[in-house]
Amino acid sequence: RFRFVVSALVVMVFGFNTLEVGLRAIRMGVVPTVLGFRDEQAFLADHLGWLSPAMKAIRELPGNSRVLMLWEPRNLYCAPQCEPDEIIDRWLRERYENAPAAPRPPAEILETSRKNGYTHLLFYKNGADFLRQQDPNYTLDDWLALDALLGQLGSGENFGDTYILYPLSQ
């Protein structure tokens, strides 16, 4: 009898979960997209926000382009051209890894990126802004160095003041 009750509870939980996932998929417009009644790019634009046009711009770069991403862990639609910032620590690693006495300066970080074959930098401004307010591991000098690096790159292609794609050419 206990086995029957447990089995019924498990089936009920799976049933509710399936219902919830199904209803969410319907609300999100997954079904028309999967069935081909809606364009996949429109679906992505609706659900990825400014990441979608940023990924589109990266896909349109020349084939030998390599993109380094800062504070963006998703390389959803640009692999293998992109190297995501998977654990949101690239900037601190670049500043302090292999830095014997003092943090590496922005010009050196930029030169290293170029030597490693990167042609572009995708900067996720909202991610950086969030960490700027929340993460005590970053010092004021780290943020000033980032601002200096971005200043050296000039103006990039702006996607809604959320993502900025900078060329790393000299």
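Results, tabulated for the structure shown:
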read-out	value
Restricting the range 85-110 to residues that are among the hydrophobic types (A, V, I, L, M, F, W, C) and exposed (fewer than 15 other Cβ atoms within 10 Å of the Cβ), the residue that is modelled with the lowest pLDDT	ALA99
Residue list for the range 134-169, filter: touching a residue at least 40 places away in the same chain (Cβ under 8 Å), touching a helix residue (DSSP H, G or I) at 6+ places or on another chain (Cβ under 7 Å) and not hydrophobic (A, V, I, L, M, F, W, C)	ASN137, TYR138, ASP142, GLN152, GLU157, THR162, TYR163, TYR166
Residue within the range 154-165 that is at pLDDT below 95, open to solvent by 20 Å² or more (accessible area, probe 1.4 Å), over 16 Å from ILE58 (Cβ atoms) and of a type in the set (Gly, Ala, Ser) present	yes
Failed condition for ASN75, given (1) open to solvent by less than 40 Å² (accessible area, probe 1.4 Å); (2) under 9 Å from the mean Cα position of the chain (by Cα); (3) among the polar types (S, T, N, Q)	(1)
One residue from ARG74, ARG132 being part of a helix (DSSP H, G or I) and modelled with pLDDT under 95	ARG132
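Residues checked against (1) outside any helix (DSSP H, G or I); (2) within 29 Å of ARG132 (Cα to Cα); (3) among the β-branched types (Val, Ile, Thr):
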residue	(1), (2), (3)
LEU19	no, no, no
LEU23	no, no, no
VAL31	no, no, yes
GLY36	yes, no, no
HIS47	no, yes, no
PRO53	no, yes, no
LEU61	yes, no, no
ASN64	yes, no, no
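The values are calculated or read from the model by the stated rules, or taken from the named source; none is laboratory data. Quick caveat, the model's predicted, so the values are computed rather than measured. With ideal geometry, Cβ positions are generated from the backbone for all residues, glycine too; neighbour counts draw on all protein chains shown. Note: accessible area is taken over every heavy atom of the protein model, side chains too, but ligands, DNA and RNA are not part of it. Shrake-Rupley method; radii C 1.70, N 1.55, O 1.52, S 1.80 Å.
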